[in-house]
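Q: First the structure, which I've put down as structure tokens, then a few questions once you've had a look.
The values are calculated or read from the model by the stated rules, or taken from the named source; none is laboratory data. Source: prediction; values computed, not measured. Cβ placement follows ideal geometry from the backbone for every residue including glycine, while neighbour counts extend to all protein chains displayed. All accessible areas refer to the heavy atoms of the entire protein, side chains included, with ligands and DNA or RNA removed. Shrake-Rupley method; radii C 1.70, N 1.55, O 1.52, S 1.80 Å.
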Amino acid sequence: MQLRRVVVTGLGALTPIGNTVPEYWNALMQGVSGADFITHFDAAKFRTRFAAEVKNFDVHNFLERKEARKMDPYVHFAMVTAAEAMQDSGLDLEKINTDRAGVIWGSGIGGLFTFMEEVSAFARGDGTPRFNPFFIPKMIADIGAGYISIKYGFRGPNYTTVSACASSNNAIIDAFNYIRLNKADIFITGGSEAAINEAGMGGFNAMKALSERNDDPKTASRPFDADRDGFLLGEGGASLILEELEHAKARGAKIYAEIAGGGMSADAYHITAPHPEGLGATNVMKAALLDAGMKPEDVDYVNVHGTSTPLGDISEIMAIQSVFGEHAYKMNISSTKSMTGHLLGAAGAAEAVATILAINNSMVPPTINHFTDDPQFDSRINLTFNKPQAREIRAALSNTFGFGGHNTSVIFRKYEG
């Protein structure tokens with residue numbers, strides 16, 4: 001069977017450093033940190049009192065109040081980014097076969113705000129259940145995909161992938177496979193997450209997963225730095241329009257990049273800690289290269305998972321060295337989480353947008369907040385510290401790994417006809 005080619009024809013982003021794709025890209029190039037003290041709730045008693053919140057965002061500028069009330073914030077992020085990507089794509093709903101257009105969305109947690117609010121209200125009451133009738137539809141992790149499909153009338157495959165921080169990369173890979181196997185022509189895919197509340201912060205603090213650098217939030221996310229102490233929790237969403245190549249060409253679509261391949265693997269090691277030698281990460285990057293029919297030396301840039309945790313960062317670099325060998329010293333590597341924080345289930349989609357724009361602009365986003373070299377890392381590896389770097393990027397790989405040992409890699413390459 002001849003596999004069909006799949007391209008990216010639209011982008012949308014709502015992140016802690018930019019509420020649209022152009023804003024997001026400009027902030028990446030300027031090395032902006034999205035970290036600041038939490039405004040969503042009073043975090044004075046929490047071990048971590050800062051996060052990377054979406055800023056200057058009013059959902060009522062995009063959705064009617066009645067409609068918005070029925071949705072959790074993670075769905076707000078999904079709807080807004082999907083709308084930007086659809087507008088960017090130029091798709092005309094009157095001219096496409098919506099039976100062959102689908103939505104595959106990623107969210108690691110779903111409606112955590114809704115769950116916390118409803119259960120807290122019940123706990124404060126007299127024991128009589130007075131739950132909002134929209135409690136379950138607002139909270140469940142699949143509802144973002146459902147709302148997007150309803151808005152655009154897409155009647156093709158529709159579901160949500162849940163694999164913790166790998167969720168939206170899983171969604172992208174699934175959408176890619178459906179199109180190249182001729183089961184659909186178009187997908188809205190990506191992911192969203194909204195977990196900066198008492199439950200989210202408290203839970204991650206209890207795991208000792210978050211940075212506790214309350215004296216300097218802006219520099220708290222320090223991937224590969226000797227003094228890294230945990231990740232910066234972020235929120236937001238990002239969307240991609242994937243389209244079969246000939247379908248896109250027939251309508252004269254703008255093509256950002258081609259998806260070359262995707263890989264998935266499991267660490268099968270521990271629920272939260274990565275394999276100490278990066279075995280799962282090694283396997284997933286090899287799988288992506290094999291799927292793409294590419295050699296390691298074909299890749300110019302890797303947007304790493306790079307969360308700023310002591311164990312995770314080193315295991316990923318060990319895996320890159322294992323997969324790419326001597327070519328690892330010729331590539332650029334960077335972690336955009338140093339700026340956005342960790343968007344959990346939305347991370348893969350946000351980083352896919354950054355990776356695609358890096359290819360389009362021949363610019364590598366930096367890893368900011370590097371102050372002290374860590375002797376665990378080979379100094380010959382270019383981790384793109386503190387400033388963006390110009391270079392031609394023929395192909396780039398984006399990694400996301402999730403609690404549970406879920407690993408995903410997607411390879412994007414420059415579209416050349």
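Q: If the chain between residue 376 and residue 134 were fully stretched, how many nm would it gain, using 0.36 nm times the residue separation less the Cα-Cα distance?
A: Net length gain for the segment: 82.1 nm.
Q: Send over the semi-axes of the range 1-106's equivalent ellipsoid, whole angstrom and largest first, taken as the square roots of 5 times the C-alpha gyration tensor eigenvalues.
A: 32, 19, 14
Q: To continue, here is another question. Just need the Rg to Rh number for the range 219-296, please, alpha carbons only, Kirkwood Rh.
A: When Rh is taken as the Kirkwood radius, the ratio is 1.10.
Q: Taking 10 °C and 1.306 mPa s as the conditions, I'd like the Stokes-Einstein D for the range 50-92 in µm²/s, using the Kirkwood hydrodynamic radius from alpha carbon pairs.
A: 137 µm²/s
Q: Could you give the length gained on full extension between residue 151 and residue 26, defined as 0.36 nm per residue of separation minus the Cα-Cα distance, in nm?
A: Roughly 42.0 nm would be gained on extension.
Q: Just how far, in whole angstrom, is the range 175-194 from the range 74-131 if you go by their alpha carbon centroids?
A: Cα centroid to Cα centroid, the span is 17 Å.
Q: State, to one decimal in nm, how far the label point of residue 92 lies from the label point of residue 251, with both points 7 Å from Cα in the Cβ direction.
A: In this crude spin-label approximation the distance works out to 0.9 nm.
Q: Enumerate the lysines that residue 414 could reach by cross-link, defined here as Cα to Cα under 29 Å, with residues fewer than 8 away along the same chain left out.
A: 95, 183, 249, 254, 286, 295, 330, 337, 387
Q: Toward the positive end of the charge dipole of the chain, about the Cα centre and with charges on Cβ (Lys, Arg +1; Asp, Glu -1), which of 137, 150, 7 goes farthest?
A: Value: 150.
Q: Over the range 202-340, with every protein chain in place, what whole percent of the accessible area is carbon and sulfur at 1.4 Å, could you tell me?
A: Of the solvent-accessible surface of the range 202-340, carbon and sulfur hold 54 percent.
Q: Here is a further query. Among the GluC sites (Glu not before Pro) within the range 62-101, which fall in a DSSP loop and have no more than 15 other Cβ atoms within 10 Å of their own Cβ?
A: Within the range 62-101, the qualifying GluC sites (Glu not before Pro) (loop, at most 15 other Cβ atoms within 10 Å) are 64, 94.
Q: Near residue 70, which lysines are there with a Cα under 17 Å away, not counting those fewer than 8 places off in the same chain?
A: 138, 151
Q: Rounded, prolate or oblate, given the Cα gyration tensor of the range 288-366, with a/c below 1.5 counting as rounded?
A: Verdict is oblate for the range 288-366.
Q: Limiting things to C-alpha atoms, what are the Rg and the maximum Cα-Cα separation (Dmax) for the range 26-162, in angstroms?
A: For the range 26-162, the Cα-based Rg and Dmax read 17.8, 55 Å.
Q: Quick one: if you stick a label point 7 Å off each Cα along the C-beta vector at residue 326 and residue 391, how many nm between them?
A: According to this spin-label approximation, the distance is 1.7 nm.
Q: Highest mean first, what order results for 243-254, 49-60 on Cβ atoms within 10 Å?
A: 49-60, 243-254
Q: Here's another thing I want to ask about it. Please state the charge dipole magnitude for the chain, taken about the Cα centre, from unit charges on C-beta atoms (+1 on K and R, -1 on D and E), reported in debye and rounded to the nearest 20.
A: The calculation lands at about 600 debye.
Q: Taking a probe of 1.4 Å, how large is the accessible area per residue of the chain, in Å²?
A: Heavy-atom accessible area per residue stands at 39 Å².
Q: A further question on this structure: If you scale each eigenvalue of the Cα gyration tensor by 5 and take the root, what three semi-axes come out for the range 88-220, rounded to whole angstrom and sorted largest first?
A: 34, 22, 12
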